Amino acid sequence: MNMIYQLRYRRVLFWLGIFLVGIYVFSGFSSQRQWHTQRDYLYSSEFTYVPEMGQQYDLEGNLTNTLTKTEYVKENLRFFVSEQIDGQTRNYQMYQANLLLNLMPFVMMILGFLAFFLDQKGQFNRFLFSLPFSRKRIYLEKLRYVVLPILLVVALGIFLYDLILYTMIPAPYLNATMGALVMGGISHFITLLLAFSFGSFLGVSLGNAISGTFFLLLVAYGLLSTLWTFYSNLMTLLSTQSSVFLDKWLVYYPGNVSATMPALGINLLLSLFLFSLSYFVFKSISMEEEGEFLTVRRARHWYFAVSSLLSVAYLMITTSFWSRLDEYSAIDWVFLLLFFVIPTFVLAGFIYFSSIKESIDMYQKKRYLNKTAL
């Protein structure tokens, strides 16, 4: 098995590793270069400070403080910034040049999907299943020789990113300890692990090249557009005590922002659950049902029920409809209910399309035979 996976994936993993590490290294150097460019400008003769530049205001628009030139320069050269807004601490990075770094969870989700989906569509699974190995071994070997190298390369990229920032930006301006960077990197890595495991589950579950790819893009676009709103509304919905456990639940990029230990534990358990679920689907794949939307067609009712419930719950939280209950008219409720039902119809179209088509074909065939008999 080792030799088989090496022959198939060696070159792909090599170039993929360069790409993934390159994202983090490029982002690190770009960010620190931006910081150094800004520092050179603020300390140059070209920069002219006027008091209006350092004026600070409260939420009501009242002037609260005016920074001196030294304070203004120091404030604008902070790399990681922590601010108190509405009683909550907001952490963000002042200098960030690479948008792809923020999209890494979605990149990892797509990679997890392709790691299993391409083998299914490229007939490689049919070859593996013909070998004298159990499906459990095939799946575990794939985790070892394909998934693990990808995760190790990502971990190396995160480490290099943090190392670049820590060594190239002076500590007073970086505003983060090595411990904070390490915890931020771990939080980011576990977020990527969760995204990869979710993509892997989709890759194992989906079997049709066209509808499976389209469904992945639909899910990725939906999450990319609404995930932050969903998270914010979820924190609002939960009590203050409960929301603390999910604080910084998803960490999109490495830095000094880290999730709480309960949030890390939840993400890790979810990742292990999705990998385990992927295994049970993988060992149940039927090659006779190749080309179907689902690789395990007999489980389509479970897929439909669970995905429908999760989709409706996700939409309800994302729209936070409960915050305006007293404003809804009867017509509003009708449209709202229709809106919540849309994911169910979409999922039914994907999951039951082949079943509906077969029923129609059987009906037409039966009708034709009846006409012929007459």
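Here residue 136 is the anchor, and the lysines within straight C-alpha reach of less than 16 Å, apart from those fewer than 8 places off in the same chain, are 283.
Using only the alpha carbon atoms of segment 272-374, find the Kirkwood hydrodynamic radius as the inverse mean reciprocal pair distance, in angstroms to one decimal.
Values: mean 1/r = 0.0584 Å⁻¹.
Answer for segment 272-374: a Kirkwood hydrodynamic radius of 17.1 Å.
Helical content alone sets the calculated 222 nm signal of the chain at -23500 deg cm²/dmol, taking -39,500 (n - 2.57) per DSSP H segment of four or more residues and averaging over every residue. Using the alpha-carbon centroid of each, what span in Å lies between segment 197-222 and segment 118-158? About 18 Å separates the Cα centre of segment 197-222 from the one of segment 118-158. Ordered from longest to shortest, the equivalent ellipsoid semi-axes for segment 163-313 are 35, 18, 14 Å, each the square root of 5 times a Cα gyration tensor eigenvalue. Cβ-Cβ distance of residue 213 and residue 320, R₀ of 35 Å, FRET efficiency by 1/(1 + (r/R0)^6): the value works out to about 0.65. The fraction of all Cα pairs in the chain landing in successive 20 Å bins from 0 to the largest distance is 22, 47, 25, 5, 1, given as whole percents. Working from label points 7 Å from Cα in the Cα-to-Cβ sense, the residue 39 to residue 305 distance is 6.0 nm. Where does helix 104-121 land angle-wise versus the long Cα axis of the chain, in degrees 0 to 90, nearest 10? Helix 104-121 and the main axis of the chain meet at about 20 degrees. Helix 261-282 and the longest principal axis of the Cα set of the chain meet at an angle near 20°. Per the Debye calculation on segment 178-243 with a single equal scatterer at every Cα and no solvent contribution, log₁₀ I(q)/I(0) for q = 0.12, 0.23, 0.24, 0.29 Å⁻¹ amounts to -0.50, -1.04, -1.06, -1.12.
Leaving ligands, DNA and RNA out of it, report the carbon-plus-sulfur percent of the accessible area of the chain at a 1.4 Å probe. Each step should come with its number before you reach the end.
Numbers: 14190 of 21070 Å².
Result for the chain: 67 percent of the exposed heavy-atom area is carbon or sulfur.
For the chain, the longest principal axis of the C-alpha atoms and the axis of helix 300-319 are separated by about 30°.
The values are calculated or read from the model by the stated rules, or taken from the named source; none is laboratory data. All of these numbers come straight from a predicted model, not from anything done at the bench. No Cβ is skipped: glycine too gets one built from the backbone with ideal geometry, and neighbour counts run over all protein chains shown. Surface accessibility is based on the protein's heavy atoms, side chains included, excluding ligands, DNA and RNA. Shrake-Rupley method; radii C 1.70, N 1.55, O 1.52, S 1.80 Å.
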